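The values are calculated or read from the model by the stated rules, or taken from the named source; none is laboratory data. Values in this document were obtained by computation on a predicted structure and should not be read as measured data. A quick note on method: Cβ atoms are made from the backbone with ideal geometry, for glycine too, and the neighbour counts reach across all protein chains shown. Surface areas here come from the heavy atoms of the whole protein model, side chains and all, with no ligands, DNA or RNA. Shrake-Rupley method; radii C 1.70, N 1.55, O 1.52, S 1.80 Å.
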Amino acid sequence: METRLLVPSSPKSYLEGPLAMALYEALFLALLVGAHAELPGCKIRVTSKALELVKQEGLRFLEQELETITIPDLRGKEGHFYYNISEVKVTELQLTSSELDFQPQQELMLQITNASLGLQFRRQLLYWFFYDGGYINASAEGVFIRTGLELSRDPTGRMKVSNVSCQASVSRMHAAFGGTFKKVYEFLSTFITSGMRFLLNQQICPVLYHAGTVLLNSLLDTIPVRSSVDDLVGIDYSLMKDPVASTSNLDMDFRGAFFPLTEKNWSLPNRAVEPQLQEEERMVYVAFSEFFFDSAMESYFRAGALQLSLVGDKVPHDLDMLLRASYFGSIVLLSPAVIDSPLKLELRVLAPPHCTIKPAGTTISVTASVTIALVPPDQPEVQLSSMTMDARLSAKMALRGKALRTQLDLRRFRIYSNQSALESLALIPLQAPLKTLLQIAVMPMLNERTWRGVQIPLPEGINFVREVVTNHAGFLTIGADLHFAKGLREVIEKNRPADVMASTAPPPSTAAV
């Protein structure tokens, strides 16, 4: 039997047919999706440098949670002896070794080895007609706990603890019995401590599961997602995807977009450079792209906030005299009832300002109209002049607590006429006084607002300290360390939901008893 290999007559035949068309369509769709994928305006990276601080605060919280363990009463009978162990309480947690690490599959993993738990319980013993009771201290030693927190994005864009894995075991227990029946208790201690160890093993993981899925989620609920900045605009800090963990850091991508409160569904397309985080020397890094600031300025522009009108006494006296002298030729032609009318100076931004971030610094470009008019009482205002103003502001960013603040400074200023070059020349004497007006009257109002700042997505009780701002091409980064202004317990108690166990059944401990 002869076997033949069929070879296409031309390589072109590989690129034809239904299979080739399907490949072209898949490639086109992939390119289309990539072209329209929304980029984050804000990124946050938590590095391994923060884990020691987080671990210290977390272990304090864990100790308090383990103290809430409720162990069922332990009853039994050995011969003529009846015993009852009740009111078992965890009094302290002593740690010998603990580690908190990032893990790519689990996000956060806490492991405690060779720890001990202090316990107290009530003993009751009945032998024929003899009764003995009282409280006694005990210890659970060789405690092993390994628990992992899985973080994800919920449908609203909020970060949540979506799952808690847990392994826990107690190697041995010791109870210092005393009293009339001390020898009897020592005889029964093997039964009692084995039963208590079994019950304790069964209670550790449910407590940790509740702490993660209920209590820690109440802490994460304090991170702003969509919230108001002031009476005009809000900000959207929704997560764009699940947090991504590596062995050295945890990265989170936030939308980082402002919006006018009157247009909550409005969205500015993000065409800025995607911010990049490469550093790992500080506890946390935050990156903001030009889109973050552009969306803020466009939101205020759409809300009608970028305009200013000064009338009468609000116009500085020296500037009032200069403007009247500059437009004397136009004023004297007006009727006597209008000549002495109050002067009006109006500034109105014509288009949304634009932010440019470069390694040398951050600048904001603004184009506005300047209108000068007389406002006679009960009559239409009389316009004297209308000109265009180009200004460039420098912006310095700072992080205080958990607020991103901005300090603006007027660097360049130019006015010109849209009517003619000759009129632009006539406006040169007004340039210095108008620049002074902006520096004295306008810039303080802007800085009063921008220095109040906008909150970045951090839980309540956690602030930034020792921050360093670095400019890059198209984005800036802020490296800082973390500070717990409030303890986890304090924040959780303030925001905790009804104290019930999570509806989803917690995973049982996989440790052997």
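Here are some notes:
- Ranked by the mean number of other Cβ atoms within 10 Å of their residues, highest first, the peptides 240-250, 469-479 fall in the order 469-479, 240-250.
- Theoretical FRET efficiency, 1/(1+(r/R0)^6), r = Cβ-Cβ of ARG466 and ILE136, R0 51 Å, to 0.05: 0.55
- The modelled label-to-label distance between ASP221 and ASP101, using points 7 Å beyond Cα along the C-beta direction, is 3.4 nm.
- Take the Cα of ALA351, go 7 Å toward its beta carbon, and the backbone nitrogen atoms of the stretch 360-378 under 16 Å from that spot belong to 364-370.
- Modelled label reach - SER386, point 7 Å along Cα→Cβ, the stretch 346-365 residues with backbone N closer than 14 Å: 346-350
- For the stretch 47-114, a crude dipole built from +1 on the beta carbon of Lys and Arg and -1 on the beta carbon of Asp and Glu, taken about the Cα centre, is about 140 debye to the nearest 20.
- Computed from point charges on the beta carbon alone (+1 for Lys and Arg, -1 for Asp and Glu), the dipole magnitude for the stretch 292-403 about its Cα centre is near 700 Debye.
- Applying 0.36 nm per residue to the separation of THR247 and GLN431 and subtracting their alpha-carbon distance, the gain on full extension is 60.5 nm.
- Solvent-accessible area per residue for the stretch 266-344 (1.4 angstrom probe, square angstrom): 51
- Cα-projected label distance for THR262 with TRP128, points at 7 Å along beta-carbon direction, nm: 9.3
- Contour minus Cα-Cα distance for GLU279 and LYS486 (0.36 nm per residue): 71.8 nm
- Multiplying the residue separation of ARG449 and LYS77 by 0.36 nm and subtracting their alpha-carbon distance yields 126.5 nm.
- Set of lysines near LYS55 by C-alpha distance (under 18 Å), chain-local residues within fewer than 8 positions excluded: LYS486
- Mean Cβ count within 10 Å, highest first, over the residues of peptides 39-48, 198-207, 94-103: 39-48, 198-207, 94-103
- By a 1.4 Å probe calculation restricted to protein chains, THR113 has an accessible surface near 40 Å², given to the nearest 10.
- Taking Lys and Arg as +1 and Asp and Glu as -1, the other residues whose beta-carbon sits under 15 Å from that of SER169 total +2.
- For the stretch 31-157, the per residue solvent-accessible surface stands at 51 Å², with DNA, RNA and ligands left out and a 1.4 Å probe.
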